[in-house]
Amino acid sequence: MWRNLLIWIVVLVSSPVMAHTYVARVDEAVWHLDPSPLKCRLWQAVPNYGDAVFEVAAGESLQFYMDMYRPVKRAGQAQMLIEAPEWRDGLAAKAIGKTTFKVGRRPIELAEEVASELLAELQVGMTPSFIHPGWYGKHDVSVGVSAVNFQSAYMGYVSCVASLYPASYKELQQSYLHFETNKYGIKGALKERLDLIAGYVSVDTSVKKVYVDGHTDSVGRRGHNWELSRLRAKAVQEYLEQKGVFSDMIVMQYYGEGRPAKKNSTNNNKAFNRRVLVRLQR
């Protein structure tokens, strides 16, 4: 009797603590797509846990994150697994590594390489899962992302990504447009950049102002440079307006040679100073 009791005690002590499990049931699993020219967001609500989100913004890389319904207060590590759904229980779970489990509403954030792997597993019906420290007590938490109803939403996601604008706000927030000596015409690379800026302003309604600042180098008379900087800024302003940017959004200014970005001590510096700076403001 005492021997049997001792065996049971050893078994209980050595057994792993069970994890609390969160996963959408077959009848609950819904994939949502929030498409726009600036961001594609593919997500699934995990009941009583949070949202599992794949997100890619214009000009940026894919990321995956968990958006929790309640913030995490205890950091640690999360194990990442690929598990088979219940109807494919003959397949063993596959560990794919660990990631940092952070304090806050987004404790799990994964960059493009791992996020792409999770998408690939969902496409073949597998369940990406995470095991991480629980909110309270000794129990870990296991959360799974269901592949049920994934395919149709994923097709829309792929179409959305293909249609994303080719540049981000961060890339276009400041643009230096450089001109040849005594020139102010818009052509070549200047035209391409302004097309990109105008197109972005048309799809990002959060952009409220477009500042256009004209400058020159120190070559020539001060009065001539003042007028040249005005002509450069005016040419940029008019081109943006032709491309659909509303005139009341554009604030045009010009400074001649009065605000050099670099000392006019070398030819390279002078070439840099012959510029129009276009700034976007939200």
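By a straight-distance test (C-alpha under 24 Å), which lysines pair with Lys263 as possible cross-link partners, with residues fewer than eight away in the same chain excluded?
Answer for Lys263, where 24 Å is the Cα cut-off: Lys183, listed by chain and number.
Can you give the calculated 222 nm mean residue ellipticity of the chain, where each DSSP H run of n ≥ 4 adds -39,500 (n - 2.57) and the sum is split over every residue, rounded to the nearest 500 deg cm²/dmol? Write down the numbers at each step before the final one.
Working: 7 runs with 86 residues, N = 282.
Here the helix-only value at 222 nm equals -9500 deg cm²/dmol.
Can you list the aspartates and glutamates whose alpha carbon is less than 15 Å from that of Lys73, not counting same-chain residues fewer than 8 positions off?
Asp140
Going by a ≥ b ≥ c, the root eigenvalues of the Cα gyration tensor, does the stretch 141-282 fall in the rounded group (a/c under 1.5), the prolate group (a/b larger than b/c) or the oblate group?
Details: a/c = 3.17, a/b = 2.52, b/c = 1.26.
The shape class here is prolate.
Under a plain spin-label model, where a point goes 7 Å from the Cα along Cα-to-Cβ, how far apart in nm are His139 and Glu28?
Each label point lies 7 Å from its Cα, and together they span 1.4 nm.
Mind listing the phi-derived Karplus ³J(HN,Hα) values for the stretch 226-240, rounded to whole Hz, using 6.51, -1.76 and 1.60 with θ = phi - 60°, and x for any glycine or proline?
4, 5, 5, 5, 5, 5, 5, 5, 5, 4, 5, 4, 5, 5, 4
Reachable lysines from Lys209, Cα under 24 Å, same-chain residues fewer than 8 places away excluded?
Lys39, Lys170, Lys187, Lys191, Lys234, Lys243
Can you tell me the order of 188-195, 212-219 when each peptide is scored by its average per-residue count of other Cβ atoms within 10 angstrom, highest first?
Values: 188-195: 14.1, 212-219: 22.6.
By packing density, highest mean first, the sequence is 212-219, 188-195.
Taking the Cα centre of the chain as origin, work out the dipole magnitude from +1 charges on Lys and Arg Cβ and -1 charges on Asp and Glu Cβ, in debye rounded to 20. Let's see the in-between values first.
Working: 35 positive and 28 negative charges, 322 e Å.
The calculated dipole for the chain is roughly 1540 debye.
Determine the equivalent ellipsoid of the chain by diagonalising the alpha-carbon gyration tensor, then write out the semi-axes as square roots of 5 times the eigenvalues, largest first, rounded to whole Å. Please list the in-between numbers first.
Details: eigenvalues 667, 86, 42 Å².
In descending order the semi-axes read 58, 21, 14 Å.
Values in this text are rule-based calculations from the coordinates and carry no lab data. Every value quoted in this text rests on a predicted model; they were computed, and no experiment measured them. Please note: Cβ atoms are built from the backbone with ideal geometry, for glycine as well, and neighbour counts cover all protein chains shown.
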